[in-house]
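Below is one structure, written out as C-alpha cells, with a few remarks after it.
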Amino acid sequence: MAATTKYPEPKEDDEVLLRLREDYGQAVLDLFGTGQDLKEVRPVLDVAGYTSNFLDNMRLPVHRWFRYSAGFSAEWVKWLVAERNNRELRVLDPFVGSGTTCLACDEMGVESHGIEAHPFVYRVASAKLNYTAEPERFLAKAENAFRVARSATAQTIRYPEIIQKCYSVETLSSLDCFRQAIEAEQDSTPEALLLWMALVSSLRTVSEAGTAPWQYVLPGRRKTVPPSPEATLHRSVQMIAADIRFMARRAKPLAKLRMDDARKCATVLDGWATLVITSPPYANNYDYADATRLEMAFLGEIRGWGDLQETVRKHLVRACSQHVPPKSVNLDEILESPELAPIRDEITPVCRKLSSVRLDRAGKKTYNNMVACYFLDMAQTWNALRRVCAPQSEVCFVIGDSAPYGVYVPVIEWFGKLAQAAGFESWTFEKLRDRNNKWKNRKHRVPLCEGHLWVRG
Ligand SMILES: C[S@@+](CC[C@H](N)C(=O)[O-])C[C@H]1O[C@@H](n2cnc3c(N)ncnc32)[C@H](O)[C@@H]1O
C-alpha cells in the first residue's frame, strides 16, 4: 500500500516509536527461533502510522492468527496512541472485529474497551486477547490433542454441503479428528481457547477450494496442493506459542472485550472513553456473516447460508442488502425515524432513487432499504458514542463513501452531521486514498474515497 503524507515520519529521538521498532525486531528474532517459515515472519519495521490495511497485521505476532480482511493496521493504532503520549487515554473500539485496537492498546500499555456483535468474530478476538496463556501448558494441551486425534474415528458425514465442497474426504477426515480432539480439550482455560484458535486459523490454509484473497469461499476454484491438516495445525500451534511468549514480555492485559451492540454500547460507562478508534462496516454490501461461513459451518454453528441471518446478521449494523430483503422493513417508516432528522432531506431522495433504479437491475438488490437502515443504525451508534465519550474526546472512524447502483451516498458528510446532532462539536476528514473497485460490475464510475473521519468535542 502506498504511504500517504498524512502523518510525519517518526523522529529518530522519539522514544516511543523507537521502542516499537525494537519490539518488532525482537519479535522477528523470537519467531525465527521457532523454525517458522521466513516468508511468514516479516514485521513492518517502519512504525509510521499511515496505513489502514489489515494485511500488514499478518506479519505481526498475535494479529496474524486470523486474517480478517475487514481490519485495519495495528501499527496505525499504536501511532495514534503514541502521538497522545502525555494525555489520559481510554480507548474504545465499538466495532472491534478481530481485536486489532485492543491488542495494539495492550502493547502500548493503554486501557481499552472493544465491542463486537458477530459471535464468531468476537470469539476470535477473545482468543487473541488470551495471549496471557501459559505457553508450556498450551503446548502440552496441543500435544495431547494431536495424540487423541491420531486414534479418533472421523465422522465426515455430519458436515454440511459447503464443507464437503471445500475439502477432500481425506482432508476432512483428518480435520474432523482434530476437531474432536480439540473439543475434548475444551475446559474454559485460555490454553483451550488458543487450541481452538489454532484449528480455526488452519481451516482456510488446508482447504482445496479457493478462499482468498477476500473472505468469501470460492468452492469452484481449486488449489493445486494445499498443505496437510496435521502439518498446518502443527505450524499454527508453534506460531501461537511463539507469539504468546513474545506478548507476555511486551504487553499488559488491560483490554476489556465485550459481546455488545455498538448502537447501544451498553457495556461502557458514561463518559468513559477519551479516544475512539474504529472502522465501522461500510455501506458497501460486504456481508460480515457470509465472511465467516466456512469456519462457522465447519464448527457446526450453522448448516448453511440460510442460518446466517438468525445466527449473525440480526446482531449487526445493516450494511448489506441480504440483511434487508424486500418487505423486511418499511422504508417510509425508517426514513421518518427521529434519528435521521439531521439528514432526512438528503437521504430521502437517495433512497427513493435507489427504489426505482433497482427495478431496472437484474439483481434487484434492496440498496434502498440498506442505505436507510444503515444510517439509522449509525445514527444510533453516534448517540451511544456521545454518551460513553468524555467531554473533549476524539473519535476517529476509518470510513469510505459509497455508490450502490451508481447512486452516490455521501457517507462522510452524513456521519459528520449525525455526530454533531448527537452532541459532538466538529468534524474533519483526511482522505487517504481514492477507490472505486468494490462494485465488481463497474457499471458506474462514481469516484469514491476512503480516509479518517475525525469527530471532536
Ligand atoms: C470493519 S470491521 C472492524 C475490523 C477491525 N478494525 C479489525 O481490525 O479486525 C467492522 C466490524 O463491526 C462488526 N459489527 C457490525 N455491526 C455491529 C454492531 N452493531 N455492534 C458491534 N459490532 C458490529 C462486524 O462484525 C465487524 O467485525
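Of all residues in region 179-189, which are in contact with a Phe, Trp or Tyr (Cβ under 8 Å, 6 or more places away or on another chain) and not charged (D, E, K, R)? Show your work before the answer.
Pass one, region 179-189, residues in contact with a Phe, Trp or Tyr (Cβ under 8 Å, 6 or more places away or on another chain): 179, 181-182, 186.
Listed by number, the residues that qualify are ALA181, ILE182, GLN186.
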Residue in region 341-354 that is part of a helix (DSSP H, G or I), surrounded by 19 or more Cβ atoms within 10 Å (Cβ to Cβ), hydrophobic (A, V, I, L, M, F, W, C) and within 16 Å of the ligand (Cβ to nearest atom) present: no
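Do we have TYR50 as more than 15 Å from the ligand (Cβ to nearest atom), part of a loop (DSSP other than H, G, I, E, B) and modelled with pLDDT of 95 or more here?
Working: more than 15 Å from the ligand (Cβ to nearest atom): yes; part of a loop (DSSP other than H, G, I, E, B): yes; modelled with pLDDT of 95 or more: no.
It is false that TYR50 is more than 15 Å from the ligand (Cβ to nearest atom), part of a loop (DSSP other than H, G, I, E, B) and modelled with pLDDT of 95 or more.
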Selection count, region 295-305, where residues are away from the ligand (no atom under 16 Å from the Cβ) and either on the phi > 0 side of the Ramachandran plot or of a type outside the set (A, V, I, L, M, F, W, C) (or both): 3
Exclusive hit being touching a residue at least 40 places away in the same chain (Cβ under 8 Å) and in contact with a Leu (Cβ under 7 Å, 6 or more places away or on another chain), set LEU257, LEU269: LEU257
Whichever residue in region 388-437 is touching a strand residue (DSSP E or B) at 6+ places or on another chain (Cβ under 6 Å) and among the polar types (S, T, N, Q) and, among such residues, is surrounded by the most Cβ atoms within 10 Å (Cβ to Cβ): SER402
Region 74-102, residues that are more than 9 Å from the ligand (Cβ to nearest atom) and either part of a strand (DSSP E or B) or within 20 Å of the chain's Cα centre (by Cα) (or both): GLU75, TRP76, LYS78, TRP79, LEU80, VAL81, ARG90, VAL91, LEU92, CYS102
Residue in region 126-149 that is closer than 27 Å to ALA209 by Cα, within 16 Å of the ligand (Cβ to nearest atom) and either surrounded by 16 or more Cβ atoms within 10 Å (Cβ to Cβ) or not basic (Lys, Arg) (or both) present: yes
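Among the residues of region 103-121, count how many are assigned to a helix (DSSP H, G or I) and either at positive phi or of a type in the set (Phe, Trp, Tyr) (or both). Give the derivation first.
Step one: of region 103-121, the residues assigned to a helix (DSSP H, G or I) are 103-108, 119-121.
From what's left, either at positive phi or of a type in the set (Phe, Trp, Tyr) (or both): 120.
Here the count works out to 1.
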Yes/no for LEU233 being in contact (Cβ under 8 Å) with a residue 12 or more places away in the chain, within 20 Å of the chain's Cα centre (by Cα) and part of a helix (DSSP H, G or I): no
Filter result (more than 29 Å from GLY306 (Cβ to Cβ) and either hydrophobic (A, V, I, L, M, F, W, C) or at pLDDT below 95 (or both)) within region 336-375: LEU340, ALA341, ILE343, ILE347, VAL350
Hits in region 248-288 (condition: near the ligand (Cβ under 8 Å from one of its atoms) and among the β-branched types (Val, Ile, Thr)): THR278
Residue match in region 160-167 (condition: surrounded by fewer than 16 Cβ atoms within 10 Å (Cβ to Cβ), assigned to a helix (DSSP H, G or I) and in contact (Cβ under 8 Å) with a residue 60 or more places away in the chain): yes
Conditions (1) at pLDDT below 95; (2) under 26 Å from TRP196 (Cα atoms); number of the one not met by GLY220: (2)
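Restricting to region 258-291, what's the tally of residues that are under 30 Å from ALA140 (Cβ atoms) and buried (at least 22 other Cβ atoms within 10 Å of the Cβ)?
So in region 258-291, the residues under 30 Å from ALA140 (Cβ atoms) come out as 259.
Then drop every residue that is not buried (at least 22 other Cβ atoms within 10 Å of the Cβ), which leaves none.
The number of residues fulfilling the criteria is 0.
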Tally of residues being in contact (Cβ under 8 Å) with a residue 40 or more places away in the chain, part of a helix (DSSP H, G or I) and more than 16 Å from the ligand (Cβ to nearest atom) across region 306-333: 1
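Restricting the search to region 355-370, which residues are more than 16 Å from the ligand (Cβ to nearest atom) and either crowded, with 20+ Cβ neighbours inside 10 Å or not small (Gly, Ala, Ser) (or both)?
From region 355-370, those more than 16 Å from the ligand (Cβ to nearest atom) are 355-369; that's our starting set.
Answer for region 355-370, where residues must be more than 16 Å from the ligand (Cβ to nearest atom) and either crowded, with 20+ Cβ neighbours inside 10 Å or not small (Gly, Ala, Ser) (or both): VAL357, ARG358, LEU359, ASP360, ARG361, LYS364, LYS365, THR366, TYR367, ASN368, ASN369.
Table: residues versus (1) out of contact with any Phe, Trp or Tyr (no Cβ under 7 Å at 6 or more places or on another chain); (2) part of a strand (DSSP E or B); (3) closer than 20 Å to PRO349 by Cα.
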{"position": "ASP377", "(1), (2), (3)": "yes, no, yes"}
{"position": "ALA384", "(1), (2), (3)": "yes, no, no"}
{"position": "ILE399", "(1), (2), (3)": "no, yes, no"}
{"position": "PHE415", "(1), (2), (3)": "no, no, yes"}
{"position": "ALA419", "(1), (2), (3)": "no, no, no"}
{"position": "THR428", "(1), (2), (3)": "no, yes, no"}
{"position": "LYS431", "(1), (2), (3)": "yes, yes, no"}
{"position": "ASP434", "(1), (2), (3)": "yes, yes, no"}
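The values are calculated or read from the model by the stated rules, or taken from the named source; none is laboratory data. On a predicted model such as this, the values are computed, not experimentally measured, just so you know. Here Cβ is always computed from backbone atoms with ideal geometry, including for glycine, and neighbour counts include all displayed protein chains.
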